[in-house]
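The values are calculated or read from the model by the stated rules, or taken from the named source; none is laboratory data. Because the structure is a prediction, the values reported are computed rather than measured. No Cβ is skipped: glycine too gets one built from the backbone with ideal geometry, and neighbour counts run over all protein chains shown. Accessible surface areas use protein heavy atoms only, side chains included; no ligands, DNA or RNA. Shrake-Rupley method; radii C 1.70, N 1.55, O 1.52, S 1.80 Å.
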Amino acid sequence: QVQLVESGVGLVQAVGSLRLSCAASGSIFGIQRMGWYRQAPGKQLDLVAFITGSGSTKYADSVKGRFTISRDNAKNTVYLQMTSLKPENTAVYYCNFWGLGYDSWGQGTQVTVSS
């Protein structure tokens with residue numbers, strides 16, 4: 001059973017920066033992908049970025065050049081560094097670990113970007 005715990009400060013002014021962390025407990029043997037998703041009020045859950053087990057990354061077009069996903073294998077942790085934040089980035093952010101026999105989600109972190 002892989003359990004994920006997210007952390008990070010959730011309130012920031014526009015053009016500011018914020019880093020979210022997501023730490024896994026339990027074995028993540030066979031990890032395929034670590035990702036971040038977000039859901040804005042009244043909207044669907046959207047992919048923000050993911051990093052594969054081999055280190056490849058993919059970003060939503062809207063965050064390319066501003067957000068960076070990274071991982072610390074020793075800590076079973078994935079990070080999302082967000083810069084040049086905009087009010088439209090306000091959403092609940094969820095991390096996800098998908099691998100051999102598991103598809104786990106974090107509890108969600110409210111990120112609010114004020115103008």
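The figures follow:
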| read-out | value |
| --- | --- |
| So ALA60, is it touching a helix residue (DSSP H, G or I) at 6+ places or on another chain (Cβ under 8 Å) and open to solvent by less than 70 Å² (accessible area, probe 1.4 Å) | no |
| Subset of segment 87-113 that is outside any strand (DSSP E or B) and either over 20 Å from GLN44 (Cβ atoms) or of a type in the set (Ser, Thr, Tyr) (or both) - its residue that is modelled with the highest pLDDT | THR90 |
| Filtered residues of segment 70-86 (kept if in a strand (DSSP E or B), touching a residue at least 24 places away in the same chain (Cβ under 8 Å) and open to solvent by 20 Å² or more (accessible area, probe 1.4 Å)) | ARG71, TYR79, GLN81 |
| Test result for VAL15, open to solvent by less than 10 Å² (accessible area, probe 1.4 Å) and not aromatic (Phe, Trp, Tyr) | no |
| Meets criteria (on the phi > 0 side of the Ramachandran plot and without any contact (Cβ under 8 Å) to a residue 60 or more places away in the chain) for ASN89 | no |
| Some residue of segment 94-107 being without any contact (Cβ under 8 Å) to a residue 12 or more places away in the chain, acidic (Asp, Glu) and open to solvent by 40 Å² or more (accessible area, probe 1.4 Å) | yes |
| Those residues of segment 39-52 which are under 19 Å from SER104 (Cβ atoms) and surrounded by fewer than 16 Cβ atoms within 10 Å (Cβ to Cβ), in sequence order | GLN39, LEU45, ASP46, LEU47, THR52 |
| Long-range neighbours under 7 Å by Cβ, at least six apart or interchain, first residue in contact (Cβ under 8 Å) with a residue 60 or more places away in the chain within segment 4-16, second open to solvent by less than 40 Å² (accessible area, probe 1.4 Å) and β-branched (Val, Ile, Thr) | GLU6/THR109; GLY8/THR109; GLY10/THR109; GLY10/VAL111; VAL12/VAL113; ALA14/VAL113 |
